[in-house]
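Worksheet: one structure, shown below.
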Amino acid sequence: MISERLRNALARARSVAALTGAGISAESGVPTFRSKGGIWTKMRPEELASMDGFLRNPELVWEWYGQRKRIMAEVQPNPGHRALAHMEHLFPHFAIITQNIDNLHQRSGSTVVHELHGNIERNYCMECGIRYGNAEVLSMTGIPRCTACGGPIRPDVVWFGEMLPMEEWNAAVRAAESADIFLSIGTSAAVQPAASLPGLAKEAGALLVEINPEPTSITSHADEFLQGPAGTILPELYALAVAARKESQ
Ligand code: BV8
Ligand code: ZN
């Protein structure tokens, strides 16, 4: 299943980074954006995941996020998330850089998770910044409003056209630049600036490994393309890494 080059890299790696996208949560039942039946095949992202869209039609945007919040509260981490959580204890430095907002990496036990696009469990008042949990906002009727100042509450996610949280982005760049192995998992690599991280890592000397059932815009740059679902490939990759590191001791 894997090349000698990848086996050796797994045996020797000190620092590994994993960029994840919606694909790693597909097997948990969270719809992706751009693959078959994905969200964006039915609606335009700019309408729903942008400040303009929110200001134009806050009811529609809250209805969409309300639906996604309820789905994400029901789903469970899958073997792909769990394999990444185990890898955190296998390599001296292991970081997850996620574009996902579903909180499934944290729920599977990962503790080093850089959330580039925010988290669906968090919300905040656009006027005074007070933070709200989902239980509170989902119990409010119509557009959730701040109980302190009456301002509109929004999901704590990064919309199109919005800057990424600087701290998370800088940590992600550091992890990519210091990685011996960079895994790009379940992402179409269509959204910037996250999609620039695999190239950054490879430039800085990482072995670039892509895990996806379909080729993407970065497959031609990848050193290894492990074609298939993350829920199958990641547990196998973890087992191979454990064996390779034992043998090399
Ligand atoms: C910014 C949060 C700086 C909200 C999201 C023109 C050119 C280049 C860039 C731009 C441009 N015009 C505008 C831009 C910038 C824009 C952008 O990149 N647009 C793209 C679409 C062209 N980016 C931004 O606006 C970003 N901000 O640039 O700020 C700035 C600011 C102001 C002024 C100037 C500059 C902000 C981007 C963040 C948007 N927020 N989400 C929410 O989720 O509700 S993006 C959204 O897409 C999600 O975060 C998602 O994670 C992300 C990426 O999608 P993927 O995760 O890759 O998911 P996708 O469905 O696409 O792919 C799934 C993959 O999984 C597929 O490949 C499939 O094959 C695979 N798969 C399926 N099953 C499995 C699997 N893989 C493994 N196992 C399986 N079982
Ligand atoms: Zn407020």
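The values are calculated or read from the model by the stated rules, or taken from the named source; none is laboratory data. Note that this is a predicted model, so its numbers are computed, not measured. Virtual Cβ from ideal backbone geometry, glycine too; neighbours counted across all protein chains shown. Calculation scope for accessible area: heavy atoms of the full protein, side chains included, ligands and nucleic acids excluded. Shrake-Rupley method; radii C 1.70, N 1.55, O 1.52, S 1.80 Å.
Using the Kirkwood formula on the Cα atoms of the chain, what hydrodynamic radius do you get, in angstrom to one decimal?
18.8
Just read off the accessible area of I233 with the full protein assembly in place, 1.4 Å probe, to the nearest 10 Å².
I233 has an accessible surface of roughly 10 Å² with all protein chains in place.
Considering the chain as a Gaussian network with a 10 Å cut-off on Cα pairs, which listed residue, A171, A13, A239, attains the greatest mean-square fluctuation?
A239
Students often get this wrong: which residues of region 71-97 have the backbone nitrogen under 11 Å from the point 7 angstrom along Cα-to-C-beta of T111?
Residues 89 qualify, since their backbone N sits under 11 Å from the label point.
Within the chain, what percent of beta bridges assigned by DSSP are antiparallel, to the nearest 5?
Around 25 percent of the beta bridges assigned by DSSP in the chain are antiparallel ones.
Ignoring ligands and nucleic acids, what accessible area does V113 show with a 1.4 Å probe (Å², nearest 10)?
20
Cα-based Rg of region 1-137 per 2.2 N^0.38 Å, rounded to two decimals?
1.22
Would you calculate the separation in nanometres between label points at V242 and M163, each defined as 7 Å from the Cα along the Cα-to-beta-carbon direction?
4.3
With springs connecting C-alpha atoms under 10 Å apart, model the chain as a Gaussian network and identify which of Q76, Q192, Q99 has the largest mean-square fluctuation.
Fluctuation is largest for Q192.
Below 8 Å, C-alpha to C-alpha, sequence gap of six or more: please give me the relative contact order for region 1-60 in percent.
About 12 percent, as a whole number.
Determine the share of the chain's accessible area contributed by carbon and sulfur atoms, expressed in whole percent, with a 1.4 angstrom probe.
Roughly 53 percent, rounded to a whole number.
Taking Cα centroids, how far is region 1-80 from region 89-128 in Å?
A separation of 12 Å, based on Cα centres.
Checking understanding here: applying a Kyte-Doolittle mean of at least 0.0 and a length along the axis of at least 15 Å (C-alpha), which whole DSSP H helices in the chain pass?
Long hydrophobic helices here: 230-247.
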